[in-house]
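Chemist: Below you will find the structure I want to go over with you.
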Amino acid sequence: YGNSSLKRICLKQSKVSGNYVVAGAQLLPNDTIYHVKPFAAVLGSQFWVTHCYKCFKFISKVIIVPCNVCSDVQFCSELCRDEHTIHSSFECGDPEFFQSIGIFHLAVNVLLSFENLADHLNKIISGISLKQQHPSDFSESEWGILQLFRSITVTENISRQNVGQIEAIYVRLCEKIPLFQDHSMDLVKRLIASIGCQMSMNASTIKFYDVCSEKLVAIGAGIYPQIAKMNHSCYSNTICLFD
């Protein structure tokens with residue numbers, strides 16, 4: 001994880017191919033090319049009772065740590081429970097809602113994963129150009145997400161279902177996190193729609209190996225800013241593994 005991985009690959013860009021990666025050093029079979037943590041991730045609802053809601057680890061019935069408020073999700077440790085502040089501040093107590101909003105669940109997690117959210121929300125919603133922001137104001141992963149935001153254009157392909165989901169998310173954000181009330185409703189909705197569009201194109205499916213079926217099983221989705229810059233290939237000669 002970190003710079004040691006980056007030395008093995010080089011991110012390049014062209015008008016024809018977009019973003020793409022080339023080897024920065026000799027790569028051998030079974031080499032790890034890139035190892036990175038997600039900026040934000042969500043666990044599929046069917047796994048809420050079997051896996052840690054924070055780190056996605058399979059949980060033995062002996063070590064279950066419940067949420068302090070609800071009985072909808074569980075954690076593998078008190079550390080995971082205490083670190084997952086998004087659940088306690090925004091998600092807790094309404095599992096049906098988050099099952100109904102699809103990829104927008106991840107979009108909201110992306111937004112709420114910024115540190116000093118009030119300050120960053122002002123910058124993002126105000127539409128300040130990325131060139132007017134300084135990388136030192138953000139963590140490396142936050143800066144990567146902001147670079148993705150810059151490439152977002154909300155298309156007219158937002159369905160009526162999506163519009164309803166965005167409206168419901170906005171209402172819940174204002175109820176749970178008052179700072180969203182200080183901004184234009186249309187701008188906040190547009191931001192949610194934009195992040196949702198970006199997640200639908202660039203999020204990665206998180207899988208684990210099921211010993212019983214001997215297959216990779218999808219348990220959630222996450223956004224990895226550096227990986228999201230890379231073009232996807234239908235005939236890839238690499239494989240994504242999750243630990």
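The values are calculated or read from the model by the stated rules, or taken from the named source; none is laboratory data. This is a predicted model, so every value here is computed, not measured. Cβ atoms come from the backbone with ideal geometry, glycine included; neighbour counts cover every protein chain shown. These area figures cover heavy atoms from the full protein model, side chains too; ligands, DNA and RNA do not enter into them. Shrake-Rupley method; radii C 1.70, N 1.55, O 1.52, S 1.80 Å.
Chemist: Name every residue in the stretch 190-228 that is touching a Phe, Trp or Tyr at 6+ places or on another chain (Cβ under 9 Å) and among the basic types (Lys, Arg), in order of residue number.
Modeler: Lys207, Lys215
Chemist: From Gln226, Gln181, grab the single residue that is touching a Gly at 6+ places or on another chain (Cβ under 8 Å) and open to solvent by 20 Å² or more (accessible area, probe 1.4 Å).
Modeler: That would be Gln226, the only listed residue that is touching a Gly at 6+ places or on another chain (Cβ under 8 Å) and open to solvent by 20 Å² or more (accessible area, probe 1.4 Å).
Chemist: Pick from Val62, Val36, Val42: which is under 22 Å from Ala218 (Cβ atoms), surrounded by fewer than 19 Cβ atoms within 10 Å (Cβ to Cβ) and aliphatic (A, V, I, L, M)?
Modeler: From the options Val62, Val36, Val42, the qualifying one is Val36.
Chemist: Give the residue that is nearest to Met185 (Cα to Cα), with candidates limited to residues of the stretch 69-85 that are in a helix (DSSP H, G or I) and open to solvent by 20 Å² or more (accessible area, probe 1.4 Å).
Modeler: Checking each candidate, the answer is Thr85.
Chemist: Identify, please: which residue in the stretch 45-59 is in contact (Cβ under 8 Å) with a residue 60 or more places away in the chain and either more than 14 Å from Phe242 (Cα to Cα) or not hydrophobic (A, V, I, L, M, F, W, C) (or both) and is, among those, most open to solvent (accessible area, probe 1.4 Å)?
Modeler: Looking at residues that are in contact (Cβ under 8 Å) with a residue 60 or more places away in the chain and either more than 14 Å from Phe242 (Cα to Cα) or not hydrophobic (A, V, I, L, M, F, W, C) (or both), I get Phe47.
Chemist: Output the number of residues of the stretch 198-217 satisfying the condition of being under 15 Å from Phe56 (Cβ atoms) and in contact with a helix residue (DSSP H, G or I) (Cβ under 8 Å, 6 or more places away or on another chain).
Modeler: Summing the residues that are under 15 Å from Phe56 (Cβ atoms) and in contact with a helix residue (DSSP H, G or I) (Cβ under 8 Å, 6 or more places away or on another chain) in the stretch 198-217 gives 2.
Chemist: Give the residue that is farthest from the chain's Cα centre (by Cα), with candidates limited to residues of the stretch 177-202 that are under 17 Å from Glu142 (Cβ atoms) and among the aliphatic types (A, V, I, L, M).
Modeler: Among those that are under 17 Å from Glu142 (Cβ atoms) and among the aliphatic types (A, V, I, L, M), it is Leu191.
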